[in-house]
Amino acid sequence: MTAYDSTGAQGAADTGDDTAYDAVVLAGGAARRLGGADKPAVRVGGRALLDRVLAACADARTTVVVADPRPTARPVTWAREDPPGGGPLAALDAGLRHTTAERVVVLSADLPFLDEGTVRRLLAALRTSGADGALLTDAGGRDQPLVAAYRASALRRELAALTQGHDGRTGPEGGGRTRSEGGRRTGPEGGGLTGLPLRRLTGALDLTRVPDPVASFDCDTWDDIATARARIREHGHVLDEWISAVKDELGIDLDVDTKVLLDLARDAAHGVARPAAPLTTFLVGYAAAQAKGGEGGPEAVAEASRKAAALAVRWADEAAATKPDAAPDATPDTSRPDAG
């Protein structure tokens with residue numbers, strides 16, 4: 001699903017809710033180390049890298065993706081730096097213009113192991129530290145400024161300072177005609193931040209760091225893609241990855257207790273017959289979808305699973321009670337006319 005907004009920020013002004021945040025996802029890079037492949041569309045675990053990142057920031061009030069529009073699993077606002085390909089600072093500036101929350105999560109679109117828990121940890125670190133931003137560090141202790149939560153006011157302050165300083169210089173990098181856009185000066189063709197390295201911004205901010213060698217893993221090369229694809233198929237990850245991929249593919253945004261469903265499938269397979277397991281879980285899902293006019297949610301799944309599991313237990317108990325060696329009247333009754 002896509003939503004395109006090229007004129008301004010979504011939503012009203014920040015309400016003061018300290019849990020509210022917006023997200024800016026940078027997805028317009030050239031991916032030279034992937035031979036120019038469309039990196040955000042590369043699939044890991046059956047899902048595009050961009051969709052995996054969007055799932056991690058699903059709680060964002062507004063999600064802005066800085067790239068050319070494309071189909072996505074979740075609705076987003078699209079933005080683009082001018083000129084396109086101007087680098088991460090120019091892209092961040094373009095995306096930030098569509099946000100209104102005081103807290104902004106800034107992410108690259110190539111993070112296969114990022115999840116909602118990590119985003120919440122970054123926001124919590126930002127809130128408790130009082131810093132301008134909280135970012136992840138990778139396995140080598142290196143800062144990952146595109147896996148971070150920032151105070152929007154700090155970003156806007158430093159981006160404005162960089163824009164003004166860049167435009168004020170002489171020579172090929174900073175000289176030339178300038179124009180005004182939304183109260184912020186831009187260089188020739190809007191490129192006031194074009195080509196500036198991200199460290200020019202982060203170096204001016206007060207940052208706190210959150211070590212996470214897994215969530216900070218990004219995919220710059222095909223070897224990185226292969227590593228990510230192998231890891232999610234390991235025993236400890238494959239089931240959750242598969243469930244997430246199926247939900248994205250079917251357009252389902254529903255979190256359920258998978259243990260309950262697995263227990264139900266086990267009981268149905270053991271107490272009835274092996275094919276009963278997938279059929280029973282399908283019927284439970286169908287019943288939950290019908291509950292309360294389709295508004296049942298996870299509670300409807302849990303209730304349908306409870307009923308079906310109780311039925312499977314009764315079915316198994318009844319089968320055990322009718323076995324010849326367990327039936328109370330298993331001994332022939334010679335008093336009956338047809339005995340013998």
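The values are calculated or read from the model by the stated rules, or taken from the named source; none is laboratory data. Note that the coordinates shown come from a computational prediction; the quantities given were computed from them, not determined experimentally. No Cβ is skipped: glycine too gets one built from the backbone with ideal geometry, and neighbour counts run over all protein chains shown. All accessible areas refer to the heavy atoms of the entire protein, side chains included, with ligands and DNA or RNA removed. Shrake-Rupley method; radii C 1.70, N 1.55, O 1.52, S 1.80 Å.
Taking segment 262-314, which residues are over 23 Å from Lys247 (Cα atoms), in contact (Cβ under 8 Å) with a residue 12 or more places away in the chain and in a helix (DSSP H, G or I)?
Once the filter is applied, which keeps residues that are over 23 Å from Lys247 (Cα atoms), in contact (Cβ under 8 Å) with a residue 12 or more places away in the chain and in a helix (DSSP H, G or I), segment 262-314 yields Asp267, Ala268, His270, Gly271, Ala309, Ala312, Val313.
Taking segment 204-229, which residues are more than 22 Å from Arg121 (Cα to Cα) and open to solvent by 60 Å² or more (accessible area, probe 1.4 Å)?
Correct list: Trp222, Asp223, Thr227, Arg229.
Is there a residue in segment 282-294 that is among the charged types (D, E, K, R), open to solvent by 40 Å² or more (accessible area, probe 1.4 Å) and at pLDDT 85 or above?
So far as segment 282-294 goes, no, none of its residues is among the charged types (D, E, K, R), open to solvent by 40 Å² or more (accessible area, probe 1.4 Å) and at pLDDT 85 or above.
So which of Glu303, Glu318 is of a type in the set (D, E, K, R), within 30 Å of the chain's Cα centre (by Cα) and at pLDDT 70 or above?
Glu303
Please pick out the residue among Thr19, Thr72 that is among the β-branched types (Val, Ile, Thr), in contact with an Asp or Glu (Cβ under 7 Å, 6 or more places away or on another chain) and either at negative phi or buried (at least 24 other Cβ atoms within 10 Å of the Cβ) (or both).
Exactly one of Thr19, Thr72 is among the β-branched types (Val, Ile, Thr), in contact with an Asp or Glu (Cβ under 7 Å, 6 or more places away or on another chain) and either at negative phi or buried (at least 24 other Cβ atoms within 10 Å of the Cβ) (or both), namely Thr72.
Is there any pair linking a residue in segment 100-119 that is of a type in the set (Phe, Trp, Tyr) to one that is outside any loop (DSSP other than H, G, I, E, B), with Cβ under 8 Å and at least six apart or on different chains, and which?
Cβ pairs passing all conditions: Phe113/Ala228; Phe113/Arg231.
Under 6 Å by Cβ, and 6 or more places apart or on different chains, what pairs join a residue from segment 194-220 that is touching a residue at least 60 places away in the same chain (Cβ under 8 Å) with one that is of a type in the set (Gly, Ala, Ser) and open to solvent by 60 Å² or more (accessible area, probe 1.4 Å)?
Correct list of pairs: Pro213/Ala139.
Sort out which residues of segment 116-140 are surrounded by fewer than 18 Cβ atoms within 10 Å (Cβ to Cβ) and either of a type in the set (Lys, Arg) or under 21 Å from the mean Cα position of the chain (by Cα) (or both), and write them in order of number.
Within segment 116-140, Glu116, Gly117, Arg120, Arg121, Ala124, Arg127, Thr137, Asp138 meet the criteria.
Specify which of the listed residues (Ala124, Ala90) is among the hydrophobic types (A, V, I, L, M, F, W, C), out of contact with any Lys or Arg (no Cβ under 7 Å at 6 or more places or on another chain), free of Cβ contacts under 8 Å to residues at least 24 places away in the same chain and not in a loop (DSSP other than H, G, I, E, B).
Within the list Ala124, Ala90, the selection yields Ala124.
Just to be sure before I move on: is Arg61 in a helix (DSSP H, G or I), in contact (Cβ under 8 Å) with a residue 12 or more places away in the chain, open to solvent by 40 Å² or more (accessible area, probe 1.4 Å) and under 26 Å from Arg157 (Cβ atoms) in the structure I sent?
When the stated conditions are applied, Arg61 does not pass them.
Of the residues Asp263, Asp253, which is more than 29 Å from Arg74 (Cβ to Cβ) and of a type in the set (Asp, Glu)?
Asp263
Any residue in segment 237-258 that's under 21 Å from Ala300 (Cβ atoms) and among the aromatic types (Phe, Trp, Tyr): show its pairings with residues that are part of a helix (DSSP H, G or I) and open to solvent by less than 60 Å² (accessible area, probe 1.4 Å) at Cβ separation under 8 Å, as long as the two are six or more apart or on different chains.
none
Within the bounds of segment 149-165, is there any residue that is within 22 Å of the chain's Cα centre (by Cα), under 26 Å from Asp224 (Cβ atoms) and either at pLDDT 95 or above or of a type in the set (Ser, Thr, Tyr) (or both)?
yes
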